[in-house]
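The values are calculated or read from the model by the stated rules, or taken from the named source; none is laboratory data. It should be emphasised that the depicted structure is a prediction, and the values quoted were computed from it without experimental measurement. Heads up, the Cβs are rebuilt from the backbone with ideal geometry, glycines too, and the neighbour counts pull from every protein chain shown.
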Amino acid sequence: MSAHGLVAQLARFAGALRGAGVRVGLSDEIDAAAALKLVDLLDRAEVHRALRIAFKLPRDAWDTFDRLFEEYWDGRRAPRHPALEHALQRERRGPPQWRWDGERVRLELPDEPPHSEGEQPGYSPEAVLRRKPFDQFSASELAAMERLMARLARKLATRRSRRLVPAPARGMVDLRRSFRRALASDGDFLKLARRARPLEEANLVVLYDTSGSMDAYTRVLLAFAFALRRVMKRVEIFAFNTTLVRVTGMIAPAKIPQSLTRLAAGVPDWSGGTRIGGCLSEFVNLYKGTMIDRSTTIVCMSDGLDHGEADLLVGSMRELRARAGKIIWLNPLLGDSRYRPEAAGMRAALPFVDHFGAAHNLASLEGLLRFVG
Amino acid sequence: MNEEIRSMQAEMERLGYIAEPAIATAVYLAKEMQKPLLVEGEAGVGKTEIAKVLARLLSTELIRLQCYEGLDTNTALYEWNYQRQLLRLRIAEREARDPAELEDLIFGREYLLERPLLRAITRREGPAVLLIDEIDRADEGFEAFLLEVLSDFQITIPELGTIRAEHVPRVVLTSNRSREIGDALRRRCLYLYIEHPGFEKELRILRGKVPGVNEQLAQSITRFVQRLRARELRKLPGVAETLDWAQALVRLHRDALDAETVSATLGCLLKDEHDIKATGGEAVEELLAYASARD
């Protein structure tokens, strides 16, 4: 093959990779061309290895690469339409399903509030609110609750960075800057420069289960999201049940009832069934590159009552684990002492979770702080 | 196969690194194309080892920068030796020297503490091998800084001016994928992903690194570990663990695997409480049956 033919072939191949959703840039093509000059072109396995190295393909793109390599470097290439690839990918997720098989109902909530000590006289109203399960709140209590949550959210929104940055009169001595400063005063250290760990705003992604089994908690947990949205610049909120919906934009922090109505209209199948595995994998596929990095805390609020699709759930959780800083799973059912995380979905997700906590009252949400701060 | 890649592979093997063609190709290409090599893979598959072998192969110095969260330029690049500078100033006060001359003196090279990146660039004797280990542990901000150093191979120190690389170092970056490496940095490098070795390769590594192990035990160990990796575990054992385990068995003077020994030494292979619990008696029996089966 002439040099020109080789480059043209390479460009076609890179185009096919891009069409299949593998990120390959022009600089990668140049690297690949340079690499091909260095290897034995008659050795197909070597060309294969060299291209994979020079295109910088991560492990999860190898299968696509192998398949396209077969097509393009064997003289019998059959060009595919890029749209087909997308169609195939979507097919794999399976159609949305709504499962309801009675098990969800059997795991019912306690009739009596499990934390009745919160009602004792002498407790401040705040203390009562902290202990009271969300599903027993009145409207005015909800309002008070939301104020409390705003305070909690502010704490949740920040973390101490590991980096050292210049700070006034606090932290360790910064000799580099002290020295520079001393130049101005003939080498005398009038004031030492210091550096300390700054507060860093965390990225937060909140995933809400809005299925029927979560109904009692949804409103207050969403209130929590509203509060977060008010105090944090970088928070993304998703609702899921049988489908995943990005609801960040639908939430107007000051108007909870209106937002709820808007959400109910915007989120299909509200109070319906759950398909956690499918929704999480959709989330991972769509947003892993842009939304999740090591400063991201993912909070998933769900009772984990999902049937089947445990494989999908495990795959998504593993992916999230690899990319996110922290994964927190809040389960309102955990507030009931009789509850054991035995639902298939919950069991599958647990190994990947940093903090598995209750979310049935404010005190439990406050417990979160230790893990985020 | 290209002759030079073949000889690269043979050379690496001579130095005790069993390289499959993909690894030899990557190292060869990185060397010829003068590009950094980004190596990813599970813990314990020999990522760091590549840099060490490369340094020995080129008979040059290995300069290592271990990354961690909060790593900053003071630790990665350079730092002035402030204590020494101060001391020099105090002495100079009595001598009444010309201030300009004094300044030149205390901002001279001998008051500069070279950290790995600067050292790799200023090495006179020829290109060094610069190992930037576990880049995924450093902050994203540091990655961006590294990008700049890796593209220009020059460093600016305000007091001294710009220092250009005498020889462009060979750079190897490793990552455990505890987070995704930014695209910009990835693009600047060649990329190698190392998987857990197959049976043949692992057996050869084992024979090479643990000379005391007899052939039959080596085969059983390798088969056992290969099978163990197929199980659902949180942390799969790497080659490093296999070697540890083989060492342990040699120390215990075992020349065959039995259930009791395996259970007692499982901690060499599995380093997670959950995994150890999940690999109880029955699982060990099954693994042993597989390991001792002849093909």
What number of residues within region A:225-251 satisfy the criterion of being at pLDDT below 75, under 21 Å from A:Ala264 (Cβ atoms) and part of a loop (DSSP other than H, G, I, E, B)? 0
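Return the residue satisfying two criteria in turn: it lies in region A:30-50 and is in contact (Cβ under 8 Å) with a residue 24 or more places away in the chain and in a helix (DSSP H, G or I), and of such residues it is nearest to the other protein chains (Cβ to nearest Cβ).
We begin by selecting, within region A:30-50, every residue in contact (Cβ under 8 Å) with a residue 24 or more places away in the chain; these are A:31, A:33, A:36, A:41, A:44, A:47-48.
Pick out the ones that are also in a helix (DSSP H, G or I) and you get A:31, A:33, A:36, A:44, A:47-48.
Numbers: A:Asp31: 7, A:Ala33: 11, A:Leu36: 10, A:Arg44: 11, A:Val47: 10, A:His48: 9 Å.
Applying the filter and picking the extreme gives A:Asp31.
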Condition set of a type in the set (Ser, Thr, Tyr) and assigned to a loop (DSSP other than H, G, I, E, B), scope region A:145-189, selection modelled with the lowest pLDDT: answer is A:Ser161
Which numbered condition trips up B:Arg14, out of (1) of a type outside the set (Gly, Ala, Ser); (2) farther than 26 Å from B:Val225 by Cβ; (3) loosely packed, with under 15 Cβ neighbours inside 10 Å; (4) out of contact with any helix residue (DSSP H, G or I) (no Cβ under 8 Å at 6 or more places or on another chain)? (2)
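Going through region B:11-56 one residue at a time, which ones are among the acidic types (Asp, Glu) and in a helix (DSSP H, G or I)? It would help to see each step written out before you state the result.
Going through region B:11-56, the residues among the acidic types (Asp, Glu) turn out to be B:11, B:13, B:20, B:32, B:40, B:42, B:49.
Within region B:11-56, B:Glu11, B:Glu13, B:Glu32, B:Glu49 qualify.
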A careful count of residues in region A:261-289 that are modelled with pLDDT of 75 or more and under 13 Å from the mean Cα position of the chain (by Cα) gives 10
Limited to region B:49-98, what total is found for residues that are under 29 Å from A:Pro166 (Cβ atoms), of a type outside the set (A, V, I, L, M, F, W, C) and without any contact (Cβ under 8 Å) to a residue 60 or more places away in the chain? 11
Is it true that some residue in region B:116-123 is within 14 Å of chain A (Cβ to nearest Cβ), of a type outside the set (D, E, K, R) and in contact with a helix residue (DSSP H, G or I) (Cβ under 8 Å, 6 or more places away or on another chain)? no
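Of the residues that make up region B:56-68, is at least one within 11 Å of chain A (Cβ to nearest Cβ) and either farther than 30 Å from B:Ile135 by Cβ or out of contact with any Pro (no Cβ under 7 Å at 6 or more places or on another chain) (or both)?
yes
Suppose we filter B:Asp183, B:Asp139, B:Asp133 for residues that are without any contact (Cβ under 8 Å) to a residue 40 or more places away in the chain and either assigned by TED's automatic domain parsing to the domain that holds B:Glu61 or surrounded by 18 or more Cβ atoms within 10 Å (Cβ to Cβ) (or both); which single one remains?
Numbers: B:Asp139 fails: without any contact (Cβ under 8 Å) to a residue 40 or more places away in the chain; B:Asp133 fails: without any contact (Cβ under 8 Å) to a residue 40 or more places away in the chain.
Every option except B:Asp183 fails the conditions.
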Name, by its number, the condition in (1) within 28 Å of the chain's Cα centre (by Cα); (2) of a type in the set (A, V, I, L, M, F, W, C); (3) more than 30 Å from A:Ala34 (Cβ to Cβ) that does not hold for B:Ile194. (3)
In region A:190-224, what count of residues is obtained for those that are modelled with pLDDT of 75 or more and buried (at least 24 other Cβ atoms within 10 Å of the Cβ)? 6
Residues that are surrounded by 15 or more Cβ atoms within 10 Å (Cβ to Cβ), in a helix (DSSP H, G or I) and among the aliphatic types (A, V, I, L, M), drawn from region B:267-282: B:Ile276
Please find, among B:Glu101, B:Glu11, B:Glu110, the residue that is free of Cβ contacts under 8 Å to residues at least 24 places away in the same chain, out of contact with any Lys or Arg (no Cβ under 9 Å at 6 or more places or on another chain) and either away from chain A (no Cβ under 13 Å) or closer than 24 Å to B:Glu241 by Cβ (or both). B:Glu101
Residues being among the hydrophobic types (A, V, I, L, M, F, W, C), in contact with a helix residue (DSSP H, G or I) (Cβ under 8 Å, 6 or more places away or on another chain) and closer than 24 Å to A:Leu333 by Cβ: count how many of those fall in region A:262-299. 6
